[in-house]
Amino acid sequence: MIRQEFSRIDPKRRTTLHHSKKQFATPTYKELEYKHRLNFYATPPTADITLEQFEQWAIDRLRVLAELEACSFRNKTPAETAAHMKPLLDKYLPLSSSTSGSTGLHAERQKDHYSHFILRLAFASTEDLRRRFSRVETMLFRIRFQADDARERNAFVESLALDWETVGEEEKRALAKELRDSGGGYPKMIEEESYFKVDWERVPELVESRRVFLKGGKAYVPGREQLSMVVAEFTQRLDKALELTSRALPRLDEDDRLTPILNHLSQNFTTPDASYSSTTSLPGADISARNIDTLSSSFPLCMQNLHRSLRRDAHLKHYGRLQYTLFLKGIGLNLEECLIFWRQAFNKITDDTFNKEYRYNVRHAYGDVGGDSNRRGNGYSPFSCQKILTEHPPGPGEAHGCPYRHFSVDNLMNLLNAVGVKDSEVLRGVREDKEKMKFHLACNRVFEYAHKQEIKKVKDDGTWGAAQLETIVHPNEYFKRSYLLKNLGKKQGEDGSGDVKMEG
Amino acid sequence: MTAEAETHDGEDLTAADTVTGEPETNHGISQDDDAADQDMTMANVGIEGDNVPDIKTESKSEVKLEDLFADIDSDEEFGSAKVKSQDIKPSSSPEAPSSPVHVGPSSRASDPEVMRSFYQRLFPWRYLFQWLNHSPTPTTDFGHREFAFTLQNDAYLRYQSFPTSDLLRKDILRLMPSRFEIGPVYSTNPRDRKTLRKSSAFKPIAKELCFDIDLTDYDDIRTCCDKANICNKCWQFITMAIKVVDVALREDFGFKHIMWVYSGRRGAHAWVCDKKARHMDDQKRRAIAGYLEVIKGGAQSGKKVNVKRPLHPHVARSLEILKSHFQSDILEDQDPWETDEKFDRLLQLLPDKTLNDALRKKWSSAPGRASTAKWADIDALAKTTQGLNATALREAKQDVVLEYTYPRLDIEVSKHLNHLLKSPFVVHPGTGRVCVPINTKHLEDFDPLGVPTVTELLGEIDEWTAPEEGEKEGKSIADWEKTSLKPYVEYFRSFVVSLMRDENDVKVKREREETDSMEF
């Protein structure tokens, strides 16, 4: 088994220094030589660096991490991410292999090591920051681990002294079929692969995707899945260390040189797809319950689908309601109108049932009820594409999610046809986008098709710049842009008494 | 402000203490003179301002809006269970357990009086306590555990906690919830959560790993019933689900203490109580949920089963278990492809176009051909189809079997440490049935429609007469032993005993080590 308490001193040697003398002894730091390119960041840095270095190194690392996070938001595959990150890594955080003979080897590794610990300080303060930091650091580690030279990688893994129980030849042969089936049919000859036996909790991601054989709580991990185990170990240790750092943080407060830098760093680590600000209202638009049917022609496909399901079944399951309620809130439908809308939409139930089971949730989403933090924050923000794409995929009977992602191709084509997208060229494009998992592209493709003339017009007139026409990554942005485009002729700020006529 | 019910220790409060909210929350139960002498029916639920006290909101950051919405769909089943309180015939002395229970034939499960008798005389408090406490003497495992009550007026009270089962029982008898749920053990006492200086000091640290299987998730493939209705035919879906999940949890993950509980109407819950399971974080829960999840996708996503080949041992084993169920319970009993529209669904799942055309022709010309015959037709016609990919067809057929039989888990329940789940042995307000544990040794014999209802049980107590020989003064017989609840409570007891034994083994060992080191 692995020694969890890796930082603990061997109990037999604990008393070598008499406790009364301990405080006067010169601290003996571990000599920091970076033998490996990769680092588990187990030992904190001890040497002196300048304040400028402190800040610059941290900023460089932050750039890399922010970009990594952005990649994951854009749904890039690991290979795409690695390709995208390479130039950035080379620029800001280069790490050469030991065999490269580079003269800056020590400096590179020191920078990597120190910048990690600086950011650890900056991001240990809140749960949310810790989680995000640990996530992107893990991504960075994974990229580097994969890029590492096989021999050096093995040397590094050995140096970690993770003790994994090896599965004996006899047991391996006895379980040959199960092991092979778990590995998707590989290896062909069971002798070709070595297996480790570990508690399944140590490889949750392999378990989740059924890539290992499980028996009696032990996971049989093939050698080629080493990556996943090392990465899991990395994350586990980092999470633990961050937790400890956060507890130690209050004692750092007296230092008025570092704290401002650290605060500044953590503030700059903002989420790129920050929530859609629902304050941007559309002047002149009649956003009311009775007008939703008309407005729905400007909705993105996910919301149109919810709207159609709602009209068809007079009901939506709870994630559908959540996704749709927040979207409607985002387009500017106020709470009263929203309650009217849902009440009318659920026309098969009694007032009583509605009030009892649904009213509260709508009010909660608007921040009208609930705990302090919910009400102060005005409830929840409308979901972004990122959230819709990655969280809570729809289950049986559920209509939420992103049709481009969660529908089968045939059903997607039917839906597109039903909402009036019939151009075979566009449909073919969507089909390809879906195959390549470029769901944003597909959605934007449909948007451009549906607003072809208007987009051309604003481009020709020069009234809309590139910034206003960049890729849509939020359903509410889709609506806003669509609405503005379709109402170009109308004067903004017209009084919103009459229904706004929409074409299409 | 959020109105939260305060716990008053005195039970002398009258209905006058109850500040009822707007009528909408309060239907069904009139606060009339009937209730006035039942000092604790609705009293002292301090409802003010906000008419719904504390509906799952107490929102610290860990209560997500998603969680709020999460229960609603399943809550629909309680919609119709409202009863006018005129039906209540108050018992002469609620505290005297030996008095006969006056439950007229017209009384319904959700009557406060019926519930009172049930909680007072039948609910296995002691074993519930031992089950959650893991030891005979009170520990924080029980004391910091969250309970959530659904009151008779449908208000929902979260973050209740009790040092002992007696206090829990007392409060339940006072508030008379129609049901209550069990949440996680927190790092501090849930009642003190607002007094903490840092809200992060209050967080869930342990809960049983739970699974929820509900027949509504099978609505697109079950033909015998829909919505809240069930029969023994569709209960088979639950039976096979339990088999598949239970064996995976035991053999693959090595869990030992797994209790399945009938949810009272149309589903079952699993409580995995091993110490290791209780202390898992969300990531590990997600891993198990993902491992067990095979049916994916919503109403529009087409093929719902996409498993890679060769089949993972877990899927292969599940398929082996499910095959025979598919023949008898699906093809014969459900007859899922009876009509044109329905067999189209099957053809969508099969890969070969020529074969599909041939099948469609054959089936359209013979309306009403049984699903069993249709399933056999696939292989029969495949033999004569040119250029057919036999492997693809065999795999597609396996996927069909899985799609129609593999457990459909409500996965959100399993993924989160802080999810609440209805307690075993509470009464389902809609059906009046007790949420009894299901003995997996006799899984096939379990009949959801034969589970005793609360009114039946109370009747059985009255009818019970002491056996001639057993009339010894020293040994009193508990009320539950007089009823058909007995086997279920006994099963629960043996489950709890074996859980505590395993729990104690660890403790004893540790204590022994400690005492060893104390010796000089």
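The values are calculated or read from the model by the stated rules, or taken from the named source; none is laboratory data. None of these values were measured; they are calculated from a predicted model. Backbone-built Cβ (ideal geometry, glycine too); neighbour counts: all protein chains shown. Just so you know, the surface numbers come from the protein's heavy atoms only, side chains and all, with ligands and any DNA or RNA stripped out. Shrake-Rupley method; radii C 1.70, N 1.55, O 1.52, S 1.80 Å.
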Here's a check for you: in segment A:413-432, which residue that is assigned to a loop (DSSP other than H, G, I, E, B) and of a type in the set (D, E, K, R) is farthest from the other protein chains (Cβ to nearest Cβ)?
A:Asp423
Looking at A:Leu316, is it open to solvent by 10 Å² or more (accessible area, probe 1.4 Å), modelled with pLDDT of 90 or more and touching a helix residue (DSSP H, G or I) at 6+ places or on another chain (Cβ under 8 Å)?
no
For B:Ser199, indicate whether it is modelled with pLDDT of 90 or more, under 30 Å from A:Glu201 (Cα atoms) and open to solvent by 10 Å² or more (accessible area, probe 1.4 Å).
no
Pick from segment B:240-276 the residues that are small (Gly, Ala, Ser) and within 10 Å of chain A (Cβ to nearest Cβ): which of them is nearest to B:Met500 (Cα to Cα)?
B:Gly254
Restricting attention to segment A:400-412, the residues that are assigned to a helix (DSSP H, G or I), within 11 Å of chain B (Cβ to nearest Cβ) and surrounded by 24 or more Cβ atoms within 10 Å (Cβ to Cβ) number exactly 3
Taking the criterion of being among the charged types (D, E, K, R), under 28 Å from B:Leu249 (Cβ atoms), open to solvent by 60 Å² or more (accessible area, probe 1.4 Å) and at pLDDT 85 or above, would at least one residue in segment A:160-170 satisfy it?
yes
Entirely in segment A:331-387, the helices (runs of 4 or more DSSP H) that have 2 or more residues that are touching a residue at least 60 places away in the same chain (Cβ under 8 Å), on the phi > 0 side of the Ramachandran plot and open to solvent by 40 Å² or more (accessible area, probe 1.4 Å)
none
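The rows are residues; the columns are (1) more than 30 Å from B:Asp154 (Cβ to Cβ); (2) among the small types (Gly, Ala, Ser).
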position	(1), (2)
B:Trp363	yes, no
B:Lys397	yes, no
B:Val401	yes, no
B:Lys415	no, no
B:Gly432	no, yes
B:Asn439	yes, no
B:Val454	no, no
B:Trp464	yes, no
Please verify whether B:Ala376 is modelled with pLDDT of 90 or more, loosely packed, with under 15 Cβ neighbours inside 10 Å and closer than 18 Å to B:Ser328 by Cβ, treating the condition exactly as stated.
yes
Of all residues in segment B:277-315, how many are assigned to a loop (DSSP other than H, G, I, E, B), within 17 Å of A:Gly216 (Cα to Cα) and within 7 Å of chain A (Cβ to nearest Cβ)?
1
Assess whether A:Arg63 counts as being at pLDDT 80 or above, part of a helix (DSSP H, G or I), open to solvent by 100 Å² or more (accessible area, probe 1.4 Å) and out of contact with any Asp or Glu (no Cβ under 6 Å at 6 or more places or on another chain).
yes
Given A:Asp48, A:Asp90, which one is in a loop (DSSP other than H, G, I, E, B), farther than 30 Å from B:Lys203 by Cα, open to solvent by 40 Å² or more (accessible area, probe 1.4 Å) and of a type in the set (D, E, K, R)?
A:Asp48
Is one or more of the residues making up segment A:425-433 free of Cβ contacts under 8 Å to residues at least 12 places away in the same chain and crowded, with 23+ Cβ neighbours inside 10 Å?
no
Looking only at segment B:292-307, decide whether some residue is touching a residue at least 40 places away in the same chain (Cβ under 8 Å), farther than 17 Å from B:Tyr406 by Cβ and touching a strand residue (DSSP E or B) at 6+ places or on another chain (Cβ under 8 Å).
no
Within segment A:413-423, is even one residue outside the structural domain of A:Ala70 (by TED's automatic domain parsing), at positive phi and open to solvent by 70 Å² or more (accessible area, probe 1.4 Å)?
no
Can you list residue pairs whose Cβ atoms sit under 7 Å apart, with the first residue in segment A:160-181 being farther than 14 Å from B:Leu311 by Cα and the second being surrounded by fewer than 11 Cβ atoms within 10 Å (Cβ to Cβ)? Count only pairs 6 or more apart in sequence or on different chains.
A:Asp163/A:Met1
Among B:Ala316, B:Ala287, the single one that is open to solvent by 10 Å² or more (accessible area, probe 1.4 Å), small (Gly, Ala, Ser) and closer than 23 Å to A:Gly184 by Cα is B:Ala316
